[in-house]
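Trainee: Provided herewith is a single structure, encoded as structure tokens, for subsequent inquiry.
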Amino acid sequence: MTPADRTDTVHLRAFTEGDLPFLDRLCTDPDALGEFEWPGFGDPRARRKRWEADGYISADSTAVAIARADNTVVGIATWKPRGFPSGVTYEIGVGVVPEHRSQGVGTAAQRLLVDYLLDHTTANRIEALTNGGNLAEQKALERLGFRQEGVMRGRSFQHGNYVDVLVYGLLRAEYRPATA
Ligand SMILES: CC(C)(COP(=O)(O)OP(=O)(O)OC[C@H]1O[C@@H](n2cnc3c(N)ncnc32)[C@H](O)[C@@H]1OP(=O)(O)O)[C@@H](O)C(=O)NCCC(=O)NCCS
């Protein structure tokens, strides 16, 4: 079993007040979300306000911490409902800070995220969008059974260029086939 197949190395938990410096970092450190996801500098107070309002957990969008066994936060995992009717499709996203990348954390966190959504929501489809150049994310999704379903050409803008975005999807029955 490789680190990417293990889910005991990390866990998902709600953000706490002690994690606010981590949330600040996502707005101020261009490396924190990496070359494909850094949206530019943001106001850290906006993230703090969101945490104070609802702890980053709501029916419209949720973000939780990816934490190591010692509870250190090493990333962020998100989901939000998509499409109509609500409750069928959820879009997920994940970001691991650079010092914890390439150690299986991103794959393990997304495995936990899929498990959580299938256990606690009526999700039939989980989808993820990723930059065409983001090989680590594509490999992580494919290891979990996500299928690449299409390319949205020129959908994003990064580093001065319009870039393609890949659509990945995973159906409940593919991840958890019915047993006799
Ligand atoms: C993308 C990301 C979540 C992947 O998580 P990670 O913990 O770094 O990746 P893992 O260690 O779980 O590895 C996943 C796969 O990618 C491969 N990989 C890891 N780093 C890689 C790299 N820099 N380039 C290419 N492949 C890489 C691993 O070998 C593994 O492949 P395998 O399943 O065939 O063994 C993480 O790198 C990250 O947070 N990046 C910045 C934010 C981001 O891009 N998020 C994705 C949003 S769509």
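The values are calculated or read from the model by the stated rules, or taken from the named source; none is laboratory data. Note that the structure is a prediction, hence the values are computed from the model and not measured. Cβ sites come from the backbone with ideal geometry, for glycine too, and all protein chains shown count toward neighbours.
Trainee: Need pairs with beta-carbon distance below 9 Å; first residue farther than 24 Å from GLY132 by Cα and within region 162-177, second among the aliphatic types (A, V, I, L, M); sequence gap 6+ or separate chains.
Mentor: Filtered contacts from region 162-177: ARG172/LEU118; ARG172/ALA123; ARG172/ILE126; ARG176/LEU118.
Trainee: For region 120-141, give me the residue count where each residue is without any contact (Cβ under 8 Å) to a residue 12 or more places away in the chain and acidic (Asp, Glu).
Mentor: The number of residues fulfilling the criteria is 0.
Trainee: Then there's this: Would you mind finding the one in ILE76, ILE66 that is touching a helix residue (DSSP H, G or I) at 6+ places or on another chain (Cβ under 8 Å) and within 22 Å of VAL165 (Cα to Cα)?
Mentor: Checking each option against the conditions leaves just ILE76.
Trainee: Filter region 165-180 down to residues that are surrounded by fewer than 15 Cβ atoms within 10 Å (Cβ to Cβ) and of a type outside the set (A, V, I, L, M), then give me how many there are.
Mentor: Of the residues in that region, 4 qualify.
This table checks each residue for (1) of a type in the set (Val, Ile, Thr); (2) away from the ligand (no atom under 16 Å from the Cβ); (3) at pLDDT 95 or above; (4) within 30 Å of ASP29 (Cβ to Cβ).
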residue: THR78; (1), (2), (3), (4): yes, no, yes, yes
residue: ASN124; (1), (2), (3), (4): no, yes, yes, no
residue: LEU135; (1), (2), (3), (4): no, no, yes, yes
residue: GLY145; (1), (2), (3), (4): no, no, yes, no
residue: HIS159; (1), (2), (3), (4): no, no, no, yes
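Trainee: Of everything in region 82-112 that's farther than 18 Å from THR72 by Cβ and among the basic types (Lys, Arg), which residue is farthest from the ligand (Cβ to nearest atom)?
Mentor: ARG82
Trainee: Let me ask another. Is there a residue in region 118-129 that is hydroxyl-bearing (Ser, Thr, Tyr), closer than 20 Å to LEU12 by Cβ and not in a strand (DSSP E or B)?
Mentor: yes
Yes or no, residue by residue, for (1) at pLDDT 95 or above; (2) among the charged types (D, E, K, R); (3) crowded, with 17+ Cβ neighbours inside 10 Å:
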{"position": "ASP8", "(1), (2), (3)": "no, yes, no"}
{"position": "ALA59", "(1), (2), (3)": "yes, no, no"}
{"position": "ARG68", "(1), (2), (3)": "yes, yes, no"}
{"position": "GLY93", "(1), (2), (3)": "yes, no, yes"}
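Trainee: While we're here: Among the listed residues LEU23, LEU12, which satisfies the condition of being over 16 Å from LEU113 (Cα atoms) and buried (at least 16 other Cβ atoms within 10 Å of the Cβ)?
Mentor: Only one candidate qualifies: LEU23.
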